[in-house]
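Data first, discussion second: the structure below is written as structure tokens.
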Amino acid sequence: MRLILLGPPGAGKGTQAKRLQEHYGILQLSTGDMLRAEVAANSEIGKQAKAVMDAGALVSDAILVQMIGERIDYADCNHGFILDGFPRTLPQAAALDALLEAHGQPLDAVIEMRVSDAELVERIAGRFTCSRCGTLYNDTLKPTAIPGVCDVCGSTDFVRRDDDNRDVVTQRLAAYNLQTAPLLPHYDAHRKLYRVDGMADIGTVTEQIMAILNGLQEAQPDTAVAQN
Ligand code: AMP
């Protein structure tokens with residue numbers, strides 16, 4: 001199964017990708033995580049990407065296309081993958097179409113996660129992660145049960161992303177609306193686009209996505225239509 005989770009920053013793509021990865025055993029490929037790893041390693045790509053990411057803008061298509069092209073060649077992607085954060089521009093989508101065609105691996109679905117701008121800002125500005133186990137929290141929407149202690153692993157070390165603040169989030173939303181939203185008609189025209197209500201609680205969103213995927217397993221590929 002090859003999926004794209006498409007939606008603005010804070011829509012819950014990472015959270016849902018992890019749940020789907022666990023359920024279906026297919027790999028989450030997060031380009032944001034890959035870039036943050038490059039930044040942490042202080043690699044050439046990381047050095048180029050850091051300032052762009054901190055400003056809430058998009059890193060160059062050439063870097064992203066090469067990164068994803070190399071990654072999907074790994075054997076662990078043979079059974080499929082969940083793209084989280086890629087593609088984000090029309091040139092990236094075109095490059096992905098060509099890559100998948102060359103691999104003989106058609107895309108199964110693009111799931112759009114819809115969330116209002118006000119909710120997105122609230123979600124992102126308060127977001128933090130356990131540095132040991134990666135569990136995501138939010139100051140107001142999902143705090144730890146005991147302040148400063150991870151509910152899952154008990155660690156007291158947390159990290160906040162440099163770009164998860166109110167100023168940068170505005171830029172990230174603008175980049176989404178300008179450069180990524182045009183992908184919606186692209187995938188709709190290819191009859192790959194499905195929509196879920198990203199405002200619902202985490203479990204309900206997962207159920208909505210699984211219902212689409214289960215339906216797809218039975219349907220003919222050419223019956224795929226956007227859901228509202
Ligand atoms: P994310 O973790 O998906 O929110 O990504 C964090 C940042 O990484 C974005 O704001 C961009 O600066 C950069 N980034 C991630 N994926 C892409 C992509 N597909 N194209 C361009 N920039 C990206």
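Among all residues of the stretch 187-201, there is at least one that is assigned to a helix (DSSP H, G or I) and either on the phi > 0 side of the Ramachandran plot or not acidic (D, E) (or both). The selection criterion, being in contact with a His (Cβ under 7 Å, 6 or more places away or on another chain) and closer than 30 Å to E218 by Cβ, holds for I26.
Determine if the stretch 82-89 includes at least one residue that is within 16 Å of the ligand (Cβ to nearest atom) and over 18 Å from Q28 (Cβ atoms). It would help to see each step written out before you state the result.
First, pick out the residues of the stretch 82-89 that are within 16 Å of the ligand (Cβ to nearest atom): 82-89.
Still in the list and also over 18 Å from Q28 (Cβ atoms): 89.
For the stretch 82-89, residues within 16 Å of the ligand (Cβ to nearest atom) and over 18 Å from Q28 (Cβ atoms): present.
Residues that are aromatic (F, W, Y) and under 27 Å from C77 (Cβ atoms) do occur in the stretch 162-185, at least one of them. Could you list, in sequence order, all residues of the stretch 162-201 that are touching a helix residue (DSSP H, G or I) at 6+ places or on another chain (Cβ under 8 Å), aromatic (F, W, Y) and under 13 Å from R114 (Cβ atoms)? Of everything in the stretch 162-201, just one residue is touching a helix residue (DSSP H, G or I) at 6+ places or on another chain (Cβ under 8 Å), aromatic (F, W, Y) and under 13 Å from R114 (Cβ atoms), namely Y194.
For G10, the criteria (1) on the phi > 0 side of the Ramachandran plot; (2) crowded, with 18+ Cβ neighbours inside 10 Å; (3) without any contact (Cβ under 8 Å) to a residue 40 or more places away in the chain hold in every case but one, which is (3).
Listed here are the residues, each with its yes/no results for (1) modelled with pLDDT of 95 or more; (2) surrounded by 17 or more Cβ atoms within 10 Å (Cβ to Cβ); (3) part of a helix (DSSP H, G or I); (4) within 12 Å of the ligand (Cβ to nearest atom).
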site	(1), (2), (3), (4)
L3	yes, yes, no, no
E22	no, no, yes, no
L29	yes, yes, no, yes
G32	yes, yes, yes, yes
V52	yes, no, yes, yes
D73	no, no, no, no
H79	no, no, no, no
E101	no, no, yes, no
I111	yes, yes, no, no
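The values are calculated or read from the model by the stated rules, or taken from the named source; none is laboratory data. Every value quoted in this text rests on a predicted model; they were computed, and no experiment measured them. Cβ sites come from the backbone with ideal geometry, for glycine too, and all protein chains shown count toward neighbours.
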